[in-house]
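The values are calculated or read from the model by the stated rules, or taken from the named source; none is laboratory data. Keep in mind it's a predicted model, so treat the numbers as computed, not measured. Backbone-built Cβ (ideal geometry, glycine too); neighbour counts: all protein chains shown.
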Amino acid sequence: MGVLAVSESGRTRSGLSRLLLLGASVVAIALVAGCVAGSKGTPAAAPTSRAAIEAAPLPSGSSDTDGSTDGGLAGAEPAGGPVTPGQFTLQFQALLGQHTMLAADMMRGRIRNDPDVAQAANAAIGKNTDALGKLFAAELGADAAQTFTPLWSGHVTGLFNYARGLGAGDETAMAEAKLQVTQIEDKLADFFADHSHGQLGKQQALEGVADHINHLLDQADQYAAKDYEKSDATYREGYAHAFSGGQALGTALLTPTQAKVTETPSWRLRSALTQLLGEHVELVVGALRSGATDAPDFKAAADAVNANTTALAGAVGTLFSPAAGHSFEQLWADHIDLLVAYSAALAKGDDAAKAQIIQGLNGFESRLSAFLSTATGKKLASQQLAKALNSHDAMLRQQVDAFVAKDYVTAHDVAYSTYQEMFGLSGQLAQAFGATVAKRLPVGAAQTGLGGEAAIIGGR
């Protein structure tokens, strides 16, 4: 996994975390690696709820970009039963990324001495852990899941104890928690190495697990020191590492033949969009909560959201054109501004402003859906996509409403579901984007230079 580097805290971190593919770079690599396979037929309407995602049928004659048979509509949580290799790795990435941010949020709640927030976040992590266990049961068998789940829960407990000690300034508790986590790191590394078909050595697995934990410990240390900008940068790095590490670990748990699906441009496009949209949800949730409660980390949280917006716009620019990326960025940034304004109005108890903002969001949803429908040659139905975006924004508002009302369980439940819906939406976008862009790609394999002239697709 690369040459070892040392983090600022002095903990060892492997070079894997330095080799992350972020934002537009992920999408660009997915495209220039080869032609993205488009689907046949008309895509189904974008689902507007968790239940709709689970119930949505496969579009007639279509094939999902991850090599599965769900049309890209399933949520990141496994529904039970067998999954395809493409689904397994995508779901593992998404759940691992979600776990990383939920764990960081839980730790921050403990540092602030907000026990209700921390406990609700911990419950959300428990749901995520159960989902990971079900995923491993589906792919590796019940015995593997029974081995994994208590180990994963144990490392969450260690992180909780570390944050509690950090918040109280109890160095003894912090040291004990570090020891607990280190011992579990070793056992988790054994688990991944033992189930990797000989493709992953113990040391490689240990480095990957340690990187994940070190990101969480580092962001907690930085947050406790009130260095919110650095903490949020580590927060994002940890999430990105979870996606790259999730692919590396996930493919190692598959046979080499099964893992080939993760090398296809269409799968990598789906993975990249899932990463960016999932990060959008988690960062916006944090920024809205900070804004509504006038928390000291609001500026850093808002800056992190802006960085994600830039990455999303870069991806659109790479897929379609720089002009399209610029148009998307303006639309998306206006959307973020309205959501932040909503949190400010919520803090002031200004119901009239809230109603006006909701009206503004409805306009954004119509404009963005029309933009994406046009960009994809009507492969995304504008009206139905607008409904999906409306549901997304409504859930973001609902979770911050609950947070301000100190209904932390509801706030975390709704935020959890919002992240899950982005997994389904990324599948639809990848399917439509891939089918659209594939028509503009030159004929030829990657080793031929894609016809000899394929440098930057967005520049055409």
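Touching a helix residue (DSSP H, G or I) at 6+ places or on another chain (Cβ under 6 Å) and at pLDDT below 90: does that describe Thr376? The answer is yes for Thr376. Within the stretch 162-220, the set of residues being acidic (Asp, Glu) and within 22 Å of Leu253 (Cβ to Cβ) comprises Glu185, Asp186, Asp190, Asp194, Glu207, Asp211.
For the stretch 58-106, taking the residues that are assigned to a loop (DSSP other than H, G, I, E, B) and hydrophobic (A, V, I, L, M, F, W, C), the one that is modelled with the highest pLDDT is identified as Val83. Residues in the stretch 286-304 that are in contact with a Leu (Cβ under 9 Å, 6 or more places away or on another chain) and buried (at least 22 other Cβ atoms within 10 Å of the Cβ): Ala287, Leu288, Gly291, Ala301, Ala304. Within the stretch 373-393, residues that are on the phi > 0 side of the Ramachandran plot have Cβ atoms under 9 Å from residues that are part of a helix (DSSP H, G or I) in these pairs: Gly377/Ala432; Gly377/Ala435; Gly377/Thr436, counting only partners at least 6 apart in sequence or on another chain.
Residue-wise test of (1) touching a helix residue (DSSP H, G or I) at 6+ places or on another chain (Cβ under 7 Å); (2) in the same structural domain as Met107 (by TED's automatic domain parsing); (3) touching a residue at least 12 places away in the same chain (Cβ under 8 Å); (4) closer than 23 Å to Asp114 by Cα.
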site: Ala145; (1), (2), (3), (4): yes, yes, yes, no
site: Gly167; (1), (2), (3), (4): yes, yes, yes, yes
site: Gly201; (1), (2), (3), (4): yes, yes, no, no
site: Gly245; (1), (2), (3), (4): yes, yes, yes, no
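Here the stretch 403-436 is the region considered, the condition is being assigned to a helix (DSSP H, G or I) and free of Cβ contacts under 8 Å to residues at least 60 places away in the same chain, and the residue that is nearest to Gly109 (Cα to Cα) is Thr410. Pairs are defined by a Cβ separation below 9 Å, a sequence spacing of at least 6 or placement on different chains, a first member in the stretch 279-303 that is on the phi < 0 side of the Ramachandran plot and in the same structural domain as Ala415 (by TED's automatic domain parsing), and a second member that is in a loop (DSSP other than H, G, I, E, B) and of a type in the set (Asp, Glu); the pairs so defined are Gly286/Asp297; Ser290/Asp297; Ala300/Asp227. The residues on offer are Ala138, Ala118, and the sole one that is over 15 Å from Ala242 (Cβ atoms), in contact with a Lys or Arg (Cβ under 6 Å, 6 or more places away or on another chain), in the same structural domain as Gly158 (by TED's automatic domain parsing) and in a helix (DSSP H, G or I) is Ala118.
Filtered by the rule that a residue be exposed (fewer than 14 other Cβ atoms within 10 Å of the Cβ) and either farther than 15 Å from Asp221 by Cβ or of a type outside the set (A, V, I, L, M) (or both), the stretch 151-182 gives Gly169, Glu171, Thr172, Leu179, Thr182. In the stretch 185-192 there is no residue that is touching a residue at least 24 places away in the same chain (Cβ under 8 Å) and in contact with a His (Cβ under 6 Å, 6 or more places away or on another chain). Just to be sure, is Ala240 in the same structural domain as Gln199 (by TED's automatic domain parsing), part of a helix (DSSP H, G or I), surrounded by fewer than 24 Cβ atoms within 10 Å (Cβ to Cβ) and in contact with a Leu (Cβ under 9 Å, 6 or more places away or on another chain)? The answer is yes for Ala240. Screening Ile357 against (1) on the phi > 0 side of the Ramachandran plot; (2) modelled with pLDDT of 95 or more leaves a single unmet condition, (1). The residue that is nearest to Ala341 (Cα to Cα), counting only those in the stretch 363-378 that are surrounded by 21 or more Cβ atoms within 10 Å (Cβ to Cβ) and out of contact with any His (no Cβ under 9 Å at 6 or more places or on another chain), is Ser369. Taken together, Thr318, Thr310 contain a single residue that is under 18 Å from the mean Cα position of the chain (by Cα), over 23 Å from Val414 (Cα atoms) and in contact (Cβ under 8 Å) with a residue 12 or more places away in the chain, which is Thr310. Within the stretch 243-265, the set of residues being in contact with a Leu (Cβ under 7 Å, 6 or more places away or on another chain) and closer than 22 Å to Gly434 by Cα comprises Ser244, Pro265.
Every residue in the stretch 372-404 that is of a type in the set (Gly, Ala, Ser) and more than 12 Å from Val117 (Cα to Cα), please. Hits for the stretch 372-404 are Ser373, Ala375, Gly377, Ala381, Ser382, Ala386, Ala388, Ser391, Ala394.
Conditions (1) of a type in the set (S, T, N, Q); (2) modelled with pLDDT of 95 or more; (3) within 21 Å of Val83 (Cα to Cα), marked per residue:
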site: Ala118; (1), (2), (3): no, no, no
site: Asp130; (1), (2), (3): no, yes, yes
site: Phe160; (1), (2), (3): no, yes, no
site: Ile184; (1), (2), (3): no, yes, no
site: Asp194; (1), (2), (3): no, yes, yes
site: Leu216; (1), (2), (3): no, yes, no
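Looking at Val409, Val400, which one is surrounded by fewer than 24 Cβ atoms within 10 Å (Cβ to Cβ), at pLDDT 60 or above, in contact with a helix residue (DSSP H, G or I) (Cβ under 9 Å, 6 or more places away or on another chain) and among the β-branched types (Val, Ile, Thr)? Every option except Val409 fails the conditions.
Among the candidates Ala311, Ala347, single out the residue that is assigned to a helix (DSSP H, G or I) and within 23 Å of Ala394 (Cβ to Cβ). Every option except Ala347 fails the conditions. Restricting the stretch 246-260 to residues that are β-branched (Val, Ile, Thr) and surrounded by fewer than 22 Cβ atoms within 10 Å (Cβ to Cβ), the residue that is nearest to His212 (Cα to Cα) is Thr255.
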